[in-house]
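What follows is a set of notes on a single structure, which appears directly below.
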Amino acid sequence: MEAQLEELAEMVMTLTGKQEQRMEGLEQALAALRDGIGGLTPRGAPSLGEEPCPRPWTARATSLQWSELADWVDWLHTHYEPQGEYRIPSCWPYHPGAAEELAGLRASWKAAMLAAEQSDDSGDQALYWHDRCLWDTLVRANRVIPNTCRNTGHASLRKLPPTDRSGLPRTNGQSGAVSAT
Ligand SMILES: [Zn+2]
């Protein structure tokens, strides 16, 4: 009986190991696919018009950098426990505007924390970051996330129509609308 149990336990271990290997394989394949797609159509890039130059963070970040940002945002939520308008819904990666704000916030946090550490905590870099960056940026990031996402989960936004180019100047200083009348 004991031997049978041991054999069963070994089988379960083998199966679990195989499952883990398969999961790892799937994750790697997914990451490779993301990178491939990323090269063709940058994630978060505007779907209308030309991609701006220089490229925004969401258009140039690698899947590893996206993952690092997600880790940091999760840490931020656990660490600071923001409430109400300061909480970022988990669907933020679907909202490029929010991702840009959060990427900027992380970059400024890194600079502030490094400066604080290197000065042996004798400066006001950390205080400045908390005062000027942290809370205001969280509010701004939330501005582009609709309440539906907060209440019932992520919902795709209705796309804004592109610029009405009939109003653009045809020659210097003369708007299309004016020249049309
Ligand atoms: Zn959403």
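Working out 0.36 nm times the residue gap between H79 and W135, then minus their Cα-Cα distance, what length gain in nm do you get to one decimal?
This chain segment gains 18.8 nm when fully extended.
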If a/c stays under 1.5 just call it rounded; otherwise compare a/b with b/c (prolate if a/b is bigger, oblate if not). Do that for region 60-154, with a ≥ b ≥ c from the square roots of the Cα gyration tensor eigenvalues. prolate
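For L64 and E51, calculate 0.36 nm times their separation in residues minus their Cα-Cα distance, and state this gained length in nm to one decimal.
2.5 nm
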Taking neighbour Cβ counts within 10 Å as the exposure measure, how do H95, H130 sort from fewest upward? H130, H95
Could you compute the FRET efficiency for M113 and N147, with r as their C-beta to C-beta distance and R0 at 30 Å, rounded to 0.05? 0.40
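Where a number appears in this text, it was derived from the coordinates with a stated rule and is not lab data. Given the structure is predicted, the values throughout are model-derived calculations rather than measurements. Positions of Cβ are backbone-derived with ideal geometry, glycine not excepted, and every protein chain shown enters the neighbour counts.
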